[in-house]
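Asks: My structure is below; once you've seen it, I'll send some questions.
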Amino acid sequence: APGPITGPSNVCKTQSGVQYSITQVPNISTYQWLATNNAYLFSNSFTSATVDYNFVNSSAVTVSVSAVNACGAGAASRLNVTVNLLCRDSQQDADRQQFVVYPNPSSGKVIVGFDGVEGESYSLQLTDLFGREVYASEYVSEAELNTAVLELSDEAKGIYMVTLKSADGSRLQTVRLVLQ
C-alpha cells in the first residue's frame with residue numbers, strides 16, 4: 001500500500017482545488033485515486049490528486065489511493081475527510097442563501113441547516129410526493145447559521161420534499177429527501 005495520504009481532513013462543502021498527495025513507492029507504474037459521496041477528482045497525477053467538494057452529499061468522504069503495477073492494484077491507503085456542509089469560505093457569494101438537508105438519503109434522523117437573518121421567521125415543512133404534510137414547524141432565526149433536527153424513523157420509506165419558506169415570502173427553497 002502507498003504511504004499515508006497528506007492533505008486536509010476537514011473541509012467546507014464550498015471548497016474545490018483541495019490537494020492530496022502521497023510519497024512515491026518504488027516499482028509502481030501508476031496510482032488509482034478515488035473519492036466517495038460525490039466528491040469529484042478533477043485532476044490526479046502520479047502521486048497527487050485534486051478534489052472538489054461542491055457536490056458532496058454527506059459530511060463524511062473517504063479519499064483513497066492504490067498503487068498499481070504489473071501484478072495489479074495493491075491495498076489502498078485511505079484518508080477520512082469531514083465535510084462541513086454549512087460553512088462558508090471567503091470565495092462564497094455573501095448573498096447566497098444556503099439550505100441543506102443531510103444525511104440524504106437517510107434512515108431516520110435528518111439535520112436541516114439554513115442561513116438566515118437574526119430574528120426573521122421561517123417555516124419548515126416536510127411533504128410526501130402526494131403533497132401531504134408530514135412535518136411542519138416555525139422557526140425564528142437565532143443566528144446566521146441555523147439547524148433543526150428531524151426524527152423521521154417512523155415515516156414510510158420514500159421520497160419527500162423539505163421546504164423552507166420565509167414569513168414574508170421572499171425566500172422559498174425546496175430540497176428532495178430520500179428516506180430508506
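The values are calculated or read from the model by the stated rules, or taken from the named source; none is laboratory data. In this text the structure is predicted, and so the values were computed from the model without any measurement. Every residue, glycine among them, receives a Cβ derived from its backbone with ideal geometry; neighbour counts consider all protein chains shown. These accessible areas exclude ligands, DNA and RNA; they are computed on the full protein's heavy atoms, side chains included. Shrake-Rupley method; radii C 1.70, N 1.55, O 1.52, S 1.80 Å.
Asks: Please state the relative contact order of the range 61-180 as a whole percent: Cα pairs under 8 Å, 6+ residues apart?
Replies: 23 percent
Asks: Where in the chain is the longest stretch that carries no trypsin sites (Lys or Arg not before Pro) classed as loop by DSSP and with at most 14 other Cβ atoms within 10 Å?
Replies: Excluding the exposed sites themselves, the longest stretch runs over 1-95.
Asks: Given the chain, what whole percent of its Cα pairs are spread farther than 28 Å?
Replies: 39 percent
Asks: Among residues other than VAL149 whose Cβ falls under 15 Å from its Cβ, what is the net charge (Lys/Arg +1, Asp/Glu -1)?
Replies: Here the charged neighbours net out to -3.
Asks: GNM, the chain, Cα, under 10 Å: largest mean-square fluctuation among ALA35, ALA75, ALA148?
Replies: With Cα springs under 10 Å in the chain, the top fluctuation among ALA35, ALA75, ALA148 is at ALA75.
Asks: Here's a follow-up. Given labels modelled 7 Å from the Cα in the Cβ direction, how far is it in nm from GLN19 to ASP115?
Replies: Simple spin-label model gives 2.7 nm for this pair.
Asks: In whole percent, and with a 1.4 Å probe on the protein chains, what portion of the accessible area of the range 24-180 is carbon and sulfur?
Replies: 47 percent
Asks: Here is a follow-up. Quote the FRET efficiency, to the nearest 0.05, computed for GLU144 versus ASN10 with a Förster distance R0 of 22 Å and r equal to the Cβ-Cβ distance.
Replies: For R0 = 22 Å, the calculated efficiency reads 0.65.
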